[in-house]
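**Student:** One structure, as structure tokens, below. Some questions next.
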Amino acid sequence: MAKIDVIECRDMLPALSDIPDGMVGMLLTDPPYSSGGMFRGDRSGATSEKYQTNDAAKKPEFYGDSRDERSFVLWSVLWLSECYRAMEDGASAVVFSDWRQLANVCDAVQAAGFVFRGIIPWRKTAARPQPNSFRNECEYAVWATKGAIDRTPVAGAKYLPGAYKFAAPSGDARIHSTQKPLELVKALMEIAPDGCIVLDPFMGSGTTAVAAVETGRHFIGYELSPEYCALANERVSRAKSAGGGWLEWLRSILCRITCAL
């Protein structure tokens, strides 16, 4: 049985089989892109070199970032299929990608059984300019669902943006070299039902878990690196100590009462 509200240091593929069918209300994850370079030799390099180009202290390495395109797609279909089984009908899957792997992620979610719904750009505010080039200032969240979704325009329906703009974490707030902004992850998590379980098989620095805690939801998560797993669980403990998501829980209860009047 999967553990709730604690990040486990496990390989996510065998770990996902512990989750009962239909238990998860959302998949929200940022898998290794395996794309930090133009050539095979670049992709097999250290993640601290591929994703950090400034003089800041190098972050710990993370695993699984050296697959070629074909193996990346096949591997993605494997873990996405397990996530699909574990999710409830109508649940959303939101999977991050960069521009290089975007088409592959779109293919993989559909091969795993999901209904492809669209692409949500995340515009970073401090992307590096490049001479004679368009700036690579976006990453992408691929959105898909397990089957049909209810688009009836009733009271309480959620109307969410189709693009987001947030600065990437920096300084002491940046624990992982590919860390996503907490506010971005919380915004994407709004598509999930209140109080549901959010699944992240690639927890990294634990941002999805912290977002779940701060929005009154629960999480199941895995991280292969013992170092990152410890750092992520420390972040989760601090979030819980700070009061967790009780304000969000209260807000959701008041919203339901208002909608029912």
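The values are calculated or read from the model by the stated rules, or taken from the named source; none is laboratory data. The structure presented is a predicted model; accordingly, all values stated were derived computationally and were not measured. Note that each Cβ is placed from the backbone with ideal geometry, even for glycine, and that neighbours are counted across all protein chains shown. Heavy atoms of the whole protein, side chains included, go into the accessibility calculation; ligands, DNA and RNA do not. Shrake-Rupley method; radii C 1.70, N 1.55, O 1.52, S 1.80 Å.
**Student:** Being under 23 Å from residue 76 (Cα atoms) and in contact with a strand residue (DSSP E or B) (Cβ under 9 Å, 6 or more places away or on another chain): is that true of residue 191 here?
**Tutor:** Details: under 23 Å from residue 76 (Cα atoms): yes; in contact with a strand residue (DSSP E or B) (Cβ under 9 Å, 6 or more places away or on another chain): yes.
Considered against the rule, which asks whether it is under 23 Å from residue 76 (Cα atoms) and in contact with a strand residue (DSSP E or B) (Cβ under 9 Å, 6 or more places away or on another chain), residue 191 comes out as yes.
**Student:** Is one or more of the residues making up segment 209-226 crowded, with 24+ Cβ neighbours inside 10 Å, in contact with a Lys or Arg (Cβ under 7 Å, 6 or more places away or on another chain), among the small types (Gly, Ala, Ser) and farther than 18 Å from residue 23 by Cβ?
**Tutor:** There is at least one residue in segment 209-226 that is crowded, with 24+ Cβ neighbours inside 10 Å, in contact with a Lys or Arg (Cβ under 7 Å, 6 or more places away or on another chain), among the small types (Gly, Ala, Ser) and farther than 18 Å from residue 23 by Cβ.
**Student:** I'm trying to understand the selection: among the residues of segment 127-148, which are in a loop (DSSP other than H, G, I, E, B) and either of a type in the set (Phe, Trp, Tyr) or surrounded by 10 or more Cβ atoms within 10 Å (Cβ to Cβ) (or both)? Walk me through how you get there before you give the answer.
**Tutor:** If we filter segment 127-148 for residues that are in a loop (DSSP other than H, G, I, E, B), which is where we start, we get 127-137, 146-148.
Result: 127, 128, 134, 135, 136, 137, 146, 147.
**Student:** From the set of residues in segment 188-208 that are of a type in the set (D, E, K, R) and under 17 Å from the mean Cα position of the chain (by Cα), which is surrounded by the fewest Cβ atoms within 10 Å (Cβ to Cβ)? Outline the logic, then answer.
**Tutor:** Just the residues of segment 188-208 that are of a type in the set (D, E, K, R), to begin with: 190, 194, 200.
From what's left, under 17 Å from the mean Cα position of the chain (by Cα): 190, 200.
Working: 190: 12, 200: 28.
The qualifying residue surrounded by the fewest Cβ atoms within 10 Å (Cβ to Cβ) is 190.
**Student:** Of the residues that sit in segment 64-78 and are touching a Phe, Trp or Tyr at 6+ places or on another chain (Cβ under 9 Å) and modelled with pLDDT under 85, which one is nearest to residue 108 (Cα to Cα)? Outline the logic, then answer.
**Tutor:** First, the residues of segment 64-78 that are touching a Phe, Trp or Tyr at 6+ places or on another chain (Cβ under 9 Å): 64-65, 67, 72.
This time we only want the ones that are modelled with pLDDT under 85, so: 64-65, 67.
Numbers: 64: 17, 65: 17, 67: 15 Å.
If we take residues in segment 64-78 being touching a Phe, Trp or Tyr at 6+ places or on another chain (Cβ under 9 Å) and modelled with pLDDT under 85, then 67 is nearest to residue 108 (Cα to Cα).
**Student:** Determine which single condition residue 77 fails, assuming it passes every other condition in (1) touching an Asp or Glu at 6+ places or on another chain (Cβ under 9 Å); (2) assigned to a helix (DSSP H, G or I); (3) open to solvent by 50 Å² or more (accessible area, probe 1.4 Å); (4) of a type in the set (A, V, I, L, M).
**Tutor:** Evaluating residue 77 over (1) touching an Asp or Glu at 6+ places or on another chain (Cβ under 9 Å); (2) assigned to a helix (DSSP H, G or I); (3) open to solvent by 50 Å² or more (accessible area, probe 1.4 Å); (4) of a type in the set (A, V, I, L, M) leaves (3) as the failure.
**Student:** Select from segment 149-165 the residues that are open to solvent by less than 80 Å² (accessible area, probe 1.4 Å), within 17 Å of residue 189 (Cα to Cα) and out of contact with any Cys (no Cβ under 9 Å at 6 or more places or on another chain) and list them in ascending order.
**Tutor:** Within segment 149-165, 149, 157, 160, 161, 162, 164 qualify.
**Student:** Please specify each residue of segment 211-245 satisfying the condition of being outside any loop (DSSP other than H, G, I, E, B), closer than 19 Å to residue 95 by Cβ and among the aliphatic types (A, V, I, L, M).
**Tutor:** 211, 212, 220, 232
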